[in-house]
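Chemist: Here it is, the structure, as structure tokens.
The values are calculated or read from the model by the stated rules, or taken from the named source; none is laboratory data. These figures come from a predicted structure and were not determined experimentally. Heads up, the Cβs are rebuilt from the backbone with ideal geometry, glycines too, and the neighbour counts pull from every protein chain shown. Accessible surface areas use protein heavy atoms only, side chains included; no ligands, DNA or RNA. Shrake-Rupley method; radii C 1.70, N 1.55, O 1.52, S 1.80 Å.
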Amino acid sequence: MAGLNVLISGVGIAGPATAFFLAKAGANVTVVERAPEPRTGGQNVDVRGHGLTVIRRMGLEETVRSKTTHEKGLKFVDAQNVSRAEFPIDDGQGFTSDIEIMRGDLGLILYEATRDNVRYLFGESVKSISEKSEKVEVDFENGSPTMSFDVIVAADGWASTTRRLAFDPKTTHDCLNDLGQWAAWFRIPHKESDSDWARWYNAPGKRMILLRPDNAHVTRASLWAMPSDDHMDSVARKGIAEQKAHWKQLFHDAGWEAKRVVGVMEQANDFYMQKIAQVNLPHWSSGRTVLIGDAGYCPSPITGMGTTAALVGAYILAGELAQKPKDIFKAFQMYEDRMKPFIKTAQKLAPGAPSMANPQTQWGIQILHWFLGFIAWSGILKWMGPSFNPPATGIELPDYTFA
Ligand SMILES: Cc1cc2nc3c(=O)[nH]c(=O)nc-3n(C[C@H](O)[C@H](O)[C@H](O)COP(=O)(O)OP(=O)(O)OC[C@H]3O[C@@H](n4cnc5c(N)ncnc54)[C@H](O)[C@@H]3O)c2cc1C
């Protein structure tokens, strides 16, 4: 595929992973990222099943494993910090996966592995896309000259701007399946009570606090809420200070370690909030633009499958393009055909999620704890097979040659 000019928008996980394989196959790859540098924010992300196979095929398993968080499992705790149900890492297919890594660490590993063969432009994003007969012409927001490409890969996340620019609004206007939940992620200083276990605390009013270990003795906090109105949309459009103030107000009386968490949230420089939603589209390409990762099929953080879907998508898209560089439309179709059954299972939510795991009342929380305590005690998940986060199936990874 030497000579194929590809533009990728977004340096998250999907963007640099796609760049990795395309550059290996000889394409000229340019990647633009809106942020001024690689983003190191975010919490633990899971690499499961086929995602790990892709990392192996990149030759990065050892590097990735050296950065894992060593989380031992998940405890559901009550307001007194008493554990009510425990799910150890076990087979790596439950809440805590075989590879738990900080999103920023994985992103940096992929960026480092590609930076010598790929042209990265930070602080830049796509302004407009115009399809010509054999190429697509792109204008940029921040001063880069107009450029022509054979393919544009939109890897700019669930709210993808590139998707909006390239697709017919009729196709995309209702592509977000809003799950009615919001989350905010940030680092907080480690305390003795933060062990190697993740701790999940439910507070009345459909609120949840999750504290997880990382590999640098810092605690990763996230706050989760299911507001009954759409007020959060306007909060998300405000500045970080206002967003933090809103989350503080929402959680100040939540009990357990809420005061500690919201108390230090103000100093967090990696605060990030996001709507919990899935992306569903009938097609993943429009003209010469193709969607990858969250931009095309975000399964949402509550499935634990976003990173794996992004890695597998990167491998399949690049593999199909490497096989058919002269017929990119056929390659897009093959990518979609191969990926769709996999994404269907990756997007599968646990029954009643996210509401069942976020009760409104103290009584509802008590019932949740009894239920989870029974599940943990009975070992029912083991004989049910892969547990509440089954690794998605529905795909065999072809053996593509990229060199
Ligand atoms: C800061 C951050 C923190 C996250 N934290 C978590 C977490 O804690 N747990 C979890 O499960 N998932 C988290 N996610 C989502 C998770 O990374 C993805 O679900 C998954 O890894 C798939 O990645 P992706 O590359 O498709 O999208 P993303 O990881 O969302 O990456 C998209 C990239 O595109 C960039 N971008 C956006 N718009 C533009 C634009 N117009 N032009 C150029 N670049 C643009 C973004 O800055 C980002 O770097 C986070 C995402 C981000 C951006």
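Chemist: Give the Rg (one decimal place) followed by the Dmax (whole number) of region 24-173, computed from C-alpha coordinates and expressed in Å.
Modeler: Cα radius of gyration and Dmax of region 24-173 are 19.9, 65 Å respectively.
Chemist: Oh, and also: Once you have the alpha carbon radius of gyration of the chain, what is it after dividing by 2.2 N^0.38 Å, with N set to its residue count?
Modeler: 0.98
Chemist: Could you tell me which of 96, 21, 138 has its Cα farthest along the dipole of region 10-138 towards the positive end, charges placed at Cβ (Lys, Arg +1; Asp, Glu -1), taken about the Cα centre?
Modeler: It is 138, whose Cα lies furthest towards the positive end.
Chemist: Measuring from the lowest to the highest alpha carbon on each principal axis, how far does region 221-296 reach, largest first, in angstroms?
Modeler: Taking max minus min along each principal axis of the Cα atoms, region 221-296 gives 50, 28, 22 Å.
Chemist: Oh, and also: Considering only the other residues whose Cβ falls under 15 Å of the Cβ of residue 79, what net charge follows from Lys and Arg at +1 and Asp and Glu at -1?
Modeler: +3
Chemist: Please tell me which of these pairs span more than 31 angstrom C-alpha to C-alpha: 191/348; 67/275; 132/344; 72/340; 24/132?
Modeler: Pairs exceeding the cut-off: 191/348; 132/344; 72/340.
Chemist: What does the charge count around residue 262 come to, taking other residues whose C-beta lies under 13 Å from its C-beta (Lys +1, Arg +1, Asp -1, Glu -1)?
Modeler: Combined, the nearby Lys, Arg, Asp and Glu give +2.
Chemist: Once amide H atoms are built 1.01 Å from N in the peptide plane, which residues 5 or more positions from residue 8, or in another chain, come under 5 Å H to H?
Modeler: 30, 31, 32, 153
Chemist: Can you work out the accessible area per residue across the chain, with the rest of the protein chains kept in place, probe 1.4 Å, in square angstrom?
Modeler: 43 Å²
Chemist: Order of 138-150, 228-240 by packing, highest average Cβ count within 10 Å first?
Modeler: Packing proxy ranking, top to bottom: 138-150, 228-240.
Chemist: Can you give the charge dipole size of the chain about its Cα centre, rounded to the nearest 20 debye, using +1 on the beta carbon of Lys and Arg and -1 on the beta carbon of Asp and Glu?
Modeler: The dipole of the chain has a size of about 260 debye.
Chemist: Going Cα to Cα from residue 135, which lysines come in below 19 Å? Please leave out same-chain ones fewer than 8 positions away.
Modeler: Counting by Cα, and skipping residues close in sequence, residue 135 has these lysines nearby: 127, 324, 326, 330.
Chemist: Based only on the alpha carbon positions, what is the Kirkwood hydrodynamic radius of region 138-191, in angstrom?
Modeler: Across region 138-191, the inverse of the average 1/r is 14.9 Å.
Chemist: I want the antiparallel fraction of DSSP beta bridges within the chain, as a percent rounded to 5.
Modeler: The answer is about 70 percent antiparallel.
Chemist: Give me the distance between the Cα centres of region 15-63 and region 66-125, rounded to whole Å.
Modeler: Between the Cα centre of region 15-63 and that of region 66-125, the gap is 14 Å.
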